[in-house]
1. Per 5 Å bin, what is the whole-percent P(r) computed from every C-alpha pair distance within chain A?
2. How large is the charge dipole for the range B:1-139, taken about the Cα centre, if only the Cβ atoms of Lys, Arg (+1) and Asp, Glu (-1) carry charge, to the nearest 20 debye?
3. Run the paramagnetic zone check for B:D47: 7 angstrom along Cα to Cβ, then residues of the range B:1-23 with backbone nitrogen under 17 Å.
4. Ignoring ligands, DNA and RNA, how much accessible area is buried between chains A and B, both sides summed, with a 1.4 Å probe, to the nearest 100 Å²?
5. Explain nothing, just the number: dipole magnitude of the protein assembly as shown about its Cα centre with +1 on each Lys and Arg Cβ and -1 on each Asp and Glu Cβ, in debye rounded to the nearest 20.
6. Looking only at B:I64, B:I118, B:I18, which one moves most when chain B is put into a Gaussian network model with springs between Cα atoms under 10 Å?
7. Tally up the carbon and sulfur contribution to the accessible surface of chain B as a whole percent, 1.4 Å probe, everything protein left in place.
8. Between the helical axis of A:17-28 and the dominant principal axis of chain A, each derived from Cα atoms, what acute angle in degrees is found, rounded to the nearest 10?
Protein chains: 2
Amino acid sequence: MESVLEKLNRFKLRNTEIRREILTLFLETEYALSHQYIEKKLSTKFDRVTLYRTLKSFEENGLIHRIANDTDTIEYALCKDDCHEQNHKHNDNHAHFRCEKCLKTYCLEHVGIPDLHIPNGFKAQEFQLLVSGVCAKCNQV
Amino acid sequence: MESVLEKLNRFKLRNTEIRREILTLFLETEYALSHQYIEKKLSTKFDRVTLYRTLKSFEENGLIHRIANDTDTIEYALCKDDCHEQNHKHNDNHAHFRCEKCLKTYCLEHVGIPDLHIPNGFKAQEFQLLVSGVCAKCNQV
DNA sequence: CTGTGTGCAAACACTTTGCAGGTGT
DNA sequence: ACACCTGCAAAGTGTTTGCACACAG
């Protein structure tokens, strides 16, 4: 498993405290993270503006990417190794699951996105499949 | 084709000017609409707050629904007749295409969402498939 | 040493709420 | 007549920008 420092280095990001902490949080967490969630987790340790800029630089350097949802908050997830970059767009070739109870978005690593028949003329570059419902944990209760 | 007035009536929404105009706009437009887009189209004719409330009531009454994307703006589309309501969630069983050039989101009516094998424990209620790339119109140029 | 990252303050943009008056049914 | 809708004002929340200083490489 690649370490936090190796990962920062590979993506040409300077090794600073906030970056180490945010990246660690991403590596430890099994669901997608929003700005607000990260802010709460790191308590008031860092300035909110710095967090905005950190997420932006992570995204621009291809370390994380946004996951589509139908709410008004953006959620980010770490790019996996199979996340091929094409003109700054990402192909996460698996589905995501959003639980309506706990509001967390999980990667369904083993649910691939099937081949689709896109109409003539359209050039498809990226596919995102979002499933919503109730997750395994919330379903037990 | 159901008229604007019939549609408002069927969804138990009062027949007011702003509602007629917004609904007409949805019916005329082949792509999904954001708050901002609607506001520009109707110029300064209505208060922004009223627009927020109108979209909210349209959504709550099942006339429109949100389409997932990975930007920070919410986009709405008219619910089709095959958009079955289940606990206030919608099943639009076709994909959407977001063009990275013109930034419009189209319904791909004939691209259905295939059956998926969701992991045990997860209860899937809604599926959204978002394809992005370049649309047929922008591709011509 | 140099260029980048951070924190603070302020500006800016977006969304919600309360209330008074108007309108649809 | 009544409930609901609209517009205005204001509050609340989220995001961006400018600048001075600190720090990584």
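1. All Cα pairs, binned at 5 Å, distribute as 2, 8, 18, 20, 20, 15, 10, 5, 2, 1, 0 percent.
2. Roughly 440 debye for the range B:1-139.
3. From the range B:1-23, the list is B:16-19.
4. Heavy-atom accessible area buried at this interface is about 3100 Å².
5. Its charge dipole is roughly 860 debye.
6. Largest GNM mean-square fluctuation: B:I118.
7. The C+S portion of the solvent-accessible surface of chain B is 47 percent.
8. 40
The values are calculated or read from the model by the stated rules, or taken from the named source; none is laboratory data. All values derive from a computational prediction rather than experimental measurement. When we count neighbours, we look across all protein chains shown, and the Cβ atoms used for this are built from the backbone with ideal geometry, even at glycine. To get the accessible areas, we keep the full protein, side chains included, count just its heavy atoms, and leave off ligands, DNA and RNA. Shrake-Rupley method; radii C 1.70, N 1.55, O 1.52, S 1.80 Å.
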